[in-house]
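**Student:** Take this structure first; my questions come after.
The values are calculated or read from the model by the stated rules, or taken from the named source; none is laboratory data. These numbers come from a predicted model, not from an experiment. Ideal geometry is used to build each Cβ from the backbone, glycine not excepted, and the neighbour counts take in all protein chains shown.
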């Protein structure tokens, strides 16, 4: 099971006996009202027992403060109840992997809005067998030098910052949404490599200097 609640789009994906089952909806800020119903429906309509879940992944951030915490709490509760393990996946990585699955392009930089003019930026190199973090997520309120250098050579995906200028129109994909099923294969590989952990380690990712109560970034 993978749970994506880090942004406006909620996506759940469940793999059982080689088959994938997916439920996704645009929820904006209503995850707490709908995500458990979506989760229950995914199990019940496909005849899958919740307690048979042996691995639960979630989109761990950075992203929506409340959304990430909801995903972490559900992953932890489900894994505790089923005796399963957990995996936390960077939220920008989920979106980059969705872009790779949809467009078969391996190198992506990702932009996720925090608030006002603040955006989380990251970069990944993706193949069918591996994901490399080229630039770990950081918070920016101005275009960094590395992005100035690559923005017209490497495709971007997510929410385009207002301060991002002089970018070719076909280099940024704002219509794609993070899809939970795009990371199911990665979850299985990480679990085989011993990267999954006990439920109490289902913790969100927070960046230094980022808080819903802070108005500016100290850089």
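**Student:** List the residue pairs whose Cβ atoms are under 6 Å apart, where the first residue sits in the range 147-171 and is free of Cβ contacts under 8 Å to residues at least 24 places away in the same chain, the second is surrounded by 17 or more Cβ atoms within 10 Å (Cβ to Cβ), and the two are 6 or more positions apart or on different chains.
**Tutor:** Partner pairs satisfying both residue conditions: 167/151; 171/155.
**Student:** Can you say whether residue 44 is assigned to a helix (DSSP H, G or I), modelled with pLDDT under 95 and over 19 Å from residue 184 (Cα atoms), as far as the supplied structure shows? Reasoning before the result, please.
**Tutor:** Working: assigned to a helix (DSSP H, G or I): yes; modelled with pLDDT under 95: no; over 19 Å from residue 184 (Cα atoms): yes.
No: the conditions fail for residue 44.
**Student:** If the requirement is being out of contact with any strand residue (DSSP E or B) (no Cβ under 6 Å at 6 or more places or on another chain), modelled with pLDDT of 95 or more and crowded, with 20+ Cβ neighbours inside 10 Å, which of these qualifies: 61, 57? Steps first, please.
**Tutor:** On the way: 57 fails: out of contact with any strand residue (DSSP E or B) (no Cβ under 6 Å at 6 or more places or on another chain).
Criteria check complete, one pass: 61.
**Student:** Would you check if residue 32 is assigned to a helix (DSSP H, G or I) and at pLDDT below 95?
**Tutor:** Here the answer is yes, as residue 32 does meet what is asked.
**Student:** Considering each residue of the range 9-25, count those that are in contact (Cβ under 8 Å) with a residue 40 or more places away in the chain and either under 15 Å from residue 49 (Cα atoms) or surrounded by fewer than 17 Cβ atoms within 10 Å (Cβ to Cβ) (or both), and give that number.
**Tutor:** Qualifying residue count for the region: 4.
**Student:** Next question, about the same structure. Test residue 176 against the criterion of being in contact with a strand residue (DSSP E or B) (Cβ under 8 Å, 6 or more places away or on another chain), at pLDDT 95 or above and assigned to a loop (DSSP other than H, G, I, E, B), and give yes or no.
**Tutor:** It is true that residue 176 is in contact with a strand residue (DSSP E or B) (Cβ under 8 Å, 6 or more places away or on another chain), at pLDDT 95 or above and assigned to a loop (DSSP other than H, G, I, E, B).
**Student:** Something else about it: Within the group 128, 114, 106, which residue is modelled with pLDDT of 95 or more and more than 13 Å from the chain's Cα centre (by Cα)?
**Tutor:** Every option except 106 fails the conditions.
**Student:** Name the single residue that is surrounded by the most Cβ atoms within 10 Å (Cβ to Cβ) among those in the range 91-108 being in contact (Cβ under 8 Å) with a residue 24 or more places away in the chain and more than 23 Å from residue 58 (Cβ to Cβ). Spell out the reasoning first.
**Tutor:** Of the range 91-108, the ones in contact (Cβ under 8 Å) with a residue 24 or more places away in the chain are 91-103, 105, 107-108.
From what's left, more than 23 Å from residue 58 (Cβ to Cβ): 103, 105, 107.
Details: 103: 13, 105: 14, 107: 16.
That would be 107.
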